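S.K.: Here it is, the structure in full.
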Amino acid sequence: MVNLYGFELNKIGEAEYEVKNDYQGSALRIFAEEKLLTKMDEEVFIQARNVAQLPGLVGPTIIMADAHSGYGAPIGTVFAMDAEEGYVSPGAVGYDINCGMRLITTNLFYAELKNSIEKLINLLFDYVPAGVGRKGFLKVSREELKKLVQDGVSYLVSAKGIGWSNDIRHIEEKGKIAGADFSSVSKEAVDRGMSQLATLGSGNHYLEIQKVEKIINKDLAKELGIKEVNQIVVMVHCGSRGFGHQVCTDYLRIFERHLSEFKIVLNDRQLVCAPIHSQYAKEYLAGMAAAANFAFVNREAITYQIRLAFEKVFGKSAEELEMNLVYDVAHNMAKFEEHEIPNNLKNNGGLKKKVLVHRKGATRSFPGQPVIIGGSMETGSYLLVGSGEAMKKAFGSTAHGSGRTMSRAKAKKMVHGQKLWQKMKSQGIIVRSASWAGLAEEAGFAYKNISDVVESISSAGLSKPVAYFRPVGNIKG
Amino acid sequence: MVQQKWKIIDNQNLADIKVEVYGKNEEDLFGNILGVFTDIVTEVDKVKEEKEIAIKITGKNLSELISNFINKLIYIKDTSLTLFKKGKFRLTFIEDGYSLYSVLLGQKISRNLPIKTDIKALTLHKFKVERIGKKYKATLVFDI
C-alpha cells in the first residue's frame, strides 16, 4: 500500500493501483509504477476523485502514468459514461479538442540531414507558423471551413488538393469524426479558427525532427515504416486551436447555465456535464466533432507544409523521400465505443456495453493501433502499439506524453529560454521558438522521464513499445 | 504603499496559470484583469497606445461579467491580433445584472512586442470573485 497526500493506494496489478474508495464514487485506478506515482502532484488525486464522483459513470475512472493536474480532470484521465443514462462533460474532454500527435517517416538518415538541419528548421519555421498572431497558408471561406469541419481530411485532400489520400487511412477515424455539425459551432469559434488553420499554436505544441535511437520491436517497427536506427522521422503535436477552445468555452457556459435542470452536484464547475440525450449534450458532441475534424485537418495541412520544406531542402519529392504518415492519434476527445467494462463490482463489472469514453490527455490504444507518445523536447519520444490488455483494463486507452512535474511559471523562473536554446544546441538539437519564455516553459526538467512513463504503461500492458526517437530539431510556439 | 494589482501563483496548476487579481472597486478590478491578461501574453509596459477599441458586455452577475470580458479579450487577440495596455471602464446595473462599457487602448501584435505565452481560455476551475470589505479579488485559472 502507498499513502500519498492522505490517499490510500493499493497495488492491484503490475503498475496498477486503486485508490481506497472512501468518497462514494466509481473506482479510481492509476496505471503507474510507484516511482511515477509519487511524483504526481496532490491536485491529480483531488481532481481524479472529483471525476470519480460524476454521475453516470460505468466502470472505473482511470489515471495514466503521465498524469498531472489540470482543470477539472487531471491531464491523463479516462472514464466511460453510460451511453443511455450517462453525461457528457466538455471540461473533461478539455479545451483543445483533438489535440493530438502525428508521426511521419522519411527515408533519410541523420548523416544526410545533419548539415542541413538549421536550413530545414528555419524553412519549417516559415512554412508552419507557430506562436501568437501568425497566420497559416490555408485561406478558406466560411463555406469551405464548414465542409472541412464536417467532412474532415478527405475534403481537404479531394477539394483543396492538400495532403495525400493515402494518409487518410492512417488517421484515427480516418480523419473524420461523424456527426459534426457546423450549426453547433458559434460565430466566435469560426472567427478564431479561420486564420489559425495550418498553424502550430503555442504552449506545449511542437513540430520535431527526430532520429530513430532504438528499435525495440523490429517486426512491428518495420510494419510501421521504421526501418533502421538513425532514420529521420517527423513528429507533430497540435490541436484545434482557437476553434476548439471556443467550442469548449461556449458549451461550458451553456451547460453551467442549465445545470439546475440536471439536478447534479459537482465538486468542480469545470466538470459541468449534461445528460447524453439532452439537446445541450447533442449539440456539444456535434460541435466537439467539428472541432476534432478541424484538428485533423490542421495536422494534415501542416504535414503538407512539412513535405514541401523537405522537398525544397533535399531536392527530392516527398514521395521519393517516403514521407508517409505512420499515424495520427487524438488526445482530447469523447467517443461512443463498445467496451468490456473493467472489473468493478459497483458499476456493471465485466459487461460489454456501449459507452461514451472521455479521454483527456490520453490516447486511444486499440490492439495493433499505433500510439505516439511525445516526450519533452530535450529527451525523446516513443512509438508504441495498442494492446488487448488496454481494452480489458482501460477502455482501450493509454498515456499520451511524459507529463509535467513543474508549473510553466516555475520553469520560466528556473531557466531563461536563450540559455536553454544554447544548451540544446550543444546537445545537437536545433530549436526555433516563437518566444524565449515559451521555450523555457517546455524545458526537459519540467517533465517526467518519458522512459519511465513507457515502462509503466508497458508493464501494465496498455501498449507495447516499438521504437524510441531522439530530437535533432524542434519548432515550438 | 502601492497596492498589489495581481499575483501569479506559480506552484499550482502545472499546465495552466493561476492568478489572483485585486481591485479597489469593480472598475479597478477590470483594469487589473486587463493588465494581467496582457502581461501574461506579453510585457504590458511595452504595449503602445496606438489603437482604441470600445466594447460593451453584459453579465447576470460580476463573475459572469468577468468571464465575458476575458472571453472578449481572447476573441480580440485571436481575430484582430490586438493586445491592450489599459482601459477606461464604466460599470452600470441593468435590469438583469451588470453592463460594462470599456474603451481599451493598445496595439496590434507585432514583431517588436515580445510574446511570452498565449491565453487560450478562462477555465471555470477555481474561478472565484470575492468582495473583501470594499475591495475585490478574482481568482482565475487560464488555459495557456
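The values are calculated or read from the model by the stated rules, or taken from the named source; none is laboratory data. Just so it is clear, the model here is predicted, and its values are computed rather than measured. Every residue, glycine among them, receives a Cβ derived from its backbone with ideal geometry; neighbour counts consider all protein chains shown. For the accessible areas, the whole protein counts, side chains as well, though only heavy atoms, and no ligand, DNA or RNA atoms are used. Shrake-Rupley method; radii C 1.70, N 1.55, O 1.52, S 1.80 Å.
S.K.: Rounded if a/c is under 1.5, else prolate if a/b beats b/c, else oblate: with a ≥ b ≥ c from the C-alpha gyration tensor eigenvalues square-rooted, which is region B:1-115?
M.R.: oblate
S.K.: Roughly how many Å is it from the Cα centre of region A:309-326 to that of region B:71-144, as a whole number?
M.R.: Here the two parts' Cα centres lie 44 Å apart.
S.K.: Give me the percent of DSSP beta bridges within chain A that run antiparallel, rounded to the nearest 5.
M.R.: In chain A, DSSP labels about 85 percent of beta bridges as antiparallel.
S.K.: Of the residues B:Glu50, B:Glu20, B:Glu95, which exhibits the maximal mean-square fluctuation in a Gaussian network model of chain B defined by a 10 Å Cα contact cut-off?
M.R.: Result: B:Glu95 has the largest fluctuation of those listed.
S.K.: Give, as a single signed number, the net charge of other residues whose beta carbon lies under 11 Å from the beta carbon of B:Lys77, with Lys and Arg counted +1 and Asp and Glu -1.
M.R.: +2
S.K.: Determine ³J(HN,Hα), in whole Hz, for all residues of region A:398-410 in sequence, where each value follows from phi through the Karplus function 6.51 cos²θ - 1.76 cosθ + 1.60 and θ = phi - 60°; x replaces Gly and Pro.
M.R.: Residue by residue, region A:398-410 yields 8, 6, 10, x, 9, x, 6, 10, 9, 5, 4, 4, 5 Hz.
S.K.: Give me the accessible area per residue for chain A, probe 1.4 Å, as a whole number in Å².
M.R.: Here the residues of chain A average 34 Å² of exposed surface.
S.K.: How much net charge surrounds A:Asn107 when only other residues with a Cβ under 11 Å from its Cβ are counted (Lys, Arg +1; Asp, Glu -1)?
M.R.: Within the 11 Å Cβ shell, the charges total -3.
S.K.: Moving to a separate point now. Tell me whether region A:369-433 comes out rounded, prolate or oblate; compute the Cα gyration tensor, take square roots of the eigenvalues as a ≥ b ≥ c, and use a/c under 1.5 as the rounded threshold.
M.R.: oblate
S.K.: Per residue of B:121-132, count partner chain C-beta atoms within 10 Å of its C-beta, then hand back the mean as an integer.
M.R.: If you average over the peptide's residues, the count of other-chain Cβ atoms is 5.
S.K.: Show me you know the interface measure: the accessible area buried between B and A, both chains summed, probe 1.4 Å, in Å² to the nearest 100.
M.R.: In total, chains B and A hide about 3200 Å² from solvent.
S.K.: Using a 1.4 Å probe on the protein chains only, how many percent of the accessible area of region B:30-143 belongs to carbon and sulfur?
M.R.: 47 percent
S.K.: A further question on this structure: Under the rule of -39500 (n - 2.57) per DSSP H run of 4 or more residues, summed and divided by the residues of chain A, what mean residue ellipticity at 222 nm is obtained, to the nearest 500 deg cm²/dmol?
M.R.: Computed ellipticity for chain A at 222 nm equals -10000 deg cm²/dmol.
S.K.: Calculate one ³J(HN,Hα) per residue across region A:107-114 by plugging θ = phi - 60° into the Karplus curve 6.51 cos²θ - 1.76 cosθ + 1.60, and present them in order as whole Hz with x for glycine and proline.
M.R.: These are the phi-based 3J(HN,Hα) values: 9, 7, 10, 4, 4, 7, 9, 3 Hz.
S.K.: Kindly write out, for region A:460-477 in residue order, the coupling ³J(HN,Hα) from the Karplus curve 6.51 cos²θ - 1.76 cosθ + 1.60 (θ = phi - 60°), rounded to whole Hz, with x marking Gly and Pro.
M.R.: Result, ordered by residue: 6, x, 6, 6, 10, x, 10, 8, 10, 10, 10, x, 10, x, 8, 10, 9, x Hz.
S.K.: Ok, one more. Please list the non-local residues whose amide H lies under 5 Å from the amide H of B:Asp16, H modeled 1.01 Å from N, same-chain partners needing a gap of 5 or more.
M.R.: Excluding prolines and chain starts, which carry no amide H, the hits are A:Arg408.
S.K.: What is the sum of charges, Lys and Arg at +1 and Asp and Glu at -1, for the other residues whose Cβ falls under 14 Å from the Cβ of A:Gly428?
M.R.: Charge balance in the 14 Å sphere: +1.
S.K.: Moving on. How far apart, in nm, are the 7 Å Cα→Cβ label points at A:Lys114 and A:Leu351?
M.R.: 6.0 nm
S.K.: Oh, and also: For region A:1-50, which GluC sites (Glu not before Pro) pass both filters: DSSP loop (anything but H, G, I, E, B) and at most 16 other C-beta atoms within 10 Å?
M.R.: Sites meeting the loop and neighbour criteria: A:Glu14.
S.K.: Would you be so kind as to identify all helices of chain A, as entire DSSP H runs, whose Cα atoms reach 20 Å or more along the helix's own axis and whose mean Kyte-Doolittle hydropathy is at least -0.5?
M.R.: A:279-314
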